[in-house]
Ligand SMILES: [Zn+2]
């Protein structure tokens, strides 16, 4: 038996922190990143006696956006339930969650798996079903220090969507691709910061293996505590290999819970869960059902965006972009919006816009730590700049340097060209005079050129351009130099 | 007559007329408390003395300094010509199941004995905003789990002012005892299965369970969240209406508090009852309970005195122009208690999870290395018998393998009980009732220690009150005379959702009709 005779069966359970201003059931600030422990808390999220939850509608709205993007069926009436268990980070002794009638049912993601992540080097699409999508409240955090146990309730009540896939993924790469696409989608929709390192997006992976061709599910292990997409991939990879080794050795797979030790890159068996198996779900009597009537739903979905994978496909189809370009340009929603706006304003070859974006604008964004909607160089100005080049008013190098100037001055490219006199000089006599100057100043090079060192022509052109601060038309300069050196 | 014996609306009026001051009212009530209340309930209260048996013991925590500051503030406002609020200067007590900022909020349990609330419950905040003066926190059954107040961890537990060897009822027994004894004209109680109406009947005062959601639950330490209703305890209907005006209404802190306009409950009070249809149901003139040996239901008629007081009330109301409708079937009444046993305990067990020794309240003093052991010890030592019984049963019937046969079935029964009321009150239906007139309780106040411990029988004492909690409809208990032993009898009016105004109107008419009854002049034993 070899590895290729097995396939892995993987399901992912994700917890997604929604980026609402306030928590799901009280008015405390939801984001406590870098805040002191227990600084964003109130009687409600600390579960003091007598308090009641009041639903933050923004959490429902963000949940609906995600469910819609995942092709889920939104329930017009859904309910909150209590999930009862004891843990110090759960101040009420129950978590307000949704059980049998959650916000949305079903759904799927058609996951494109690129050739680079495919076992046989062929790109393909994997349909990943969604078996659970519900709203709930996050719990707090505990830590041990100096022989004592500390609890931080800041995270209590941060709105979460729990979203669980069917056992549809077959490789660790697919799992990583799924998380990458999910993260992209969450940011695209603006509903979560989706930063795994900060715990905005958390993932547990259920892993089992079976012989290829089999359809039943074998006992699975659950991998927890993985805080990056790469680590999820690595942990699943390790676990698949371990399970194959066990089965090959004639051992059984037990339904363990495993923890990924990032530093050692190994999986460790976790202490058995300190919670009860039976959560005794029942309807949360302190909250009314969520009634998503048509008016509310319509308001939530007004302006629902084209999704990244759809837009990626359309960029390829409509603008004739290579897959590589389309992928990069749709990695982030604002960048893709920028691209389209620039293409429309430009009216010329979309690939040209793409090149400028991928080479120059992206670098500018990265250097300045900005998003595409934050730069002064608006799409219309990029288009204007490209047109200035196309019409021969400026040359490409002037164009490139204009990018920075526009960004720094806030003036349009045309205005800058006017103001700084950057328009190309195509006056033959002016260029001829400078060319003569260059040749007169560099007799050794002239000698060498005449001796057959043709490559020096480029150097002469460069000298002319430099003297004219880039304004000369390089074609004319070359023409002049060739005449003078004859 | 002392100020402490005046009603809330009289006190409020005299205060506005500057005939009396808020501080004078307060002094009168504190004097009364000093005279009749005896020592307050406390943990490990020790054996009862002969003197203890002659006192009412309404209070767990008396807050005279806080009260004095509030009363002085009211007097200052009046002196400055400002509006001091509709309940200005009127003292009230608060069942110690409500959080009040800066005061111990104990739920009459060891597990919360050291808990001081950092915020104030909405109904209490509204009373104070209306100028009412809180005297302190009064006793109850531990976490409201009981009908006699004897389960309080704070002993001595309250005694019935009418006969001091009797229980005041419960769980709002401290509330009704304090009002009956003239310690305060008003109190805030809670009603989960009759916990306002039953002690009101036992103590000869008016107690109203409003429609579920009419009064905010924010700050009420939850028993059964889908059944709990805060409500007023008063010595007459007008005072109950006055208090409803203050505490009713939507609350941004409680999404189950209904966004339904609040009428002026005083405005319609004197309009009479001509043409109102008031029903009598045979299902409320008997108690049905299961025979635990053979599983059949057995029926007991009510004591004749109790049935007679309801019949007499019907006659009086008919004479005032109401139409009495006999024979209204309420067939699911008898399932009210079993369904309540299941639903309330599932919710109670869950609501009690938060008392785990981690954040507040009691934690075992023994050092614990293991988290589970810390939970077990803290909860084992902190909870009394009644919470433990409810946790055990609640955990049992909500377990995955039993919840269908118990919890989900109980929810279906609840729907059936609601349908009984829907049919009776349906304006297009066969009965078209404005209210149902029933006894409040199957007995008058029982002797201390007579029933305590027999949890099942004590719970069946709630059979006539619990259907309104299942259905969410409003109900009010009115004093309706004394039995042969001189103990108060209560009659109950139940009405459609949000028609507290109609119930209060009928109650006021009944008060007028019985104004000259001799029993209305009788004073409780504690005041003799
Ligand atoms: Zn909070």
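Since every read-out is calculated from the coordinates, none of them should be taken as a lab result. Here the structure is a predicted model, which means the values were calculated and not measured. Note that we place each Cβ from the backbone using ideal geometry, even for glycine, and neighbour counts take in every protein chain shown.
Overview of values
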quantity	calculated
Inverse mean reciprocal Cα-Cα distance (Kirkwood Rh) of chain A, Å	26.9 Å
Once the Cα gyration tensor of chain B is diagonalised, semi-axes √(5λ) in Å	31, 31, 22
Burial order of peptide ranges A:458-464, B:98-104 (average beta-carbon count within 10 Å, highest first)	B:98-104, A:458-464
Value at 222 nm in deg cm²/dmol, rounded to 500, when DSSP H runs of n ≥ 4 in chain B each add -39,500 (n - 2.57)	-10000 deg cm²/dmol
Taking the range A:3-298 and dividing mean pair separation by its residue count, relative contact order in percent (alpha carbons under 8 Å, at least six apart)	25 percent
Residue-averaged beta-carbon neighbours from other chains (10 angstrom radius) around A:280-289	6
Over the range B:387-521, relative contact order from alpha-carbon pairs under 8 Å, at least 6 apart, %	22 percent
Potential lengthening between residue A:440 and residue A:245 on full extension [0.36 nm per residue; Cα-Cα distance subtracted]	62.4 nm
Å³ per residue enclosed by the Cα convex hull of the range B:413-528	133 Å³
Separation of alpha-carbon centers, the range A:376-446 and the range B:73-87, rounded to whole Å	81 Å
Residue mean of other protein chain beta carbons inside 10 Å, B:347-353	5
Helix A:308-319 vs. chain A, principal-axis angle (Cα, 0 to 90°, nearest 10)	30 degrees
Overall dimensions of the range B:125-224 by Cα: Rg and Dmax, Å	12.8, 37
Spin-label model distance (nm) - residue A:306 vs residue A:278, 7 Å beyond Cα toward Cβ	5.4 nm
Projected-area average for the range A:428-485 over all orientations - Cα convex hull basis, square nanometres	3.3 nm²
Ratio Rg/Rh, restricted to the range A:116-205 and using Cα atoms, in which Rh is the Kirkwood radius	1.08
Rounded tilt (10° steps) of A:428-441 against the dominant C-alpha axis of chain A	90 degrees
Mean-position separation - Cα centroids, the range B:156-202 and the range B:277-293, in angstrom	24 Å
Average beta carbon contacts from partner chains per residue of B:362-371, 10 Å cutoff	1
Distant alpha-carbon pairs in the range B:335-464 (separation over 24 angstrom), percent	51 percent
Cα pair distances in the protein assembly as shown, grouped into 20 Å bins until the bin that holds the longest one, percent each	12, 33, 25, 17, 8, 4, 1
Distance from the range A:168-190 to the range A:472-486 (C-alpha centre basis), Å	55 Å
Alpha-carbon Debye profile of the range B:276-345, log10 I(q)/I(0) at 0.24, 0.25, 0.26 Å⁻¹	-1.08, -1.12, -1.16
Peptides A:65-76, B:369-380 ordered by average Cβ neighbours within 10 Å, highest first	A:65-76, B:369-380
Gain in span if fully extended, residue A:131 to residue A:370, counting 0.36 nm per residue against the direct Cα distance	82.3 nm
Principal-axis tilt of helix A:172-189 within chain A, Cα atoms, nearest 10 degrees	80 degrees
Estimated 222 nm signal from helices in chain A, with DSSP H stretches of n ≥ 4 weighted -39500 (n - 2.57), rounded to 500	-12000 deg cm²/dmol
Residue-span extension gain [residue B:267 to residue B:250] - 0.36 nm each, minus C-alpha spacing	4.1 nm
Segments A:255-265, B:295-305, B:188-198 sorted - mean Cβ within 10 Å per residue, highest first	B:188-198, A:255-265, B:295-305
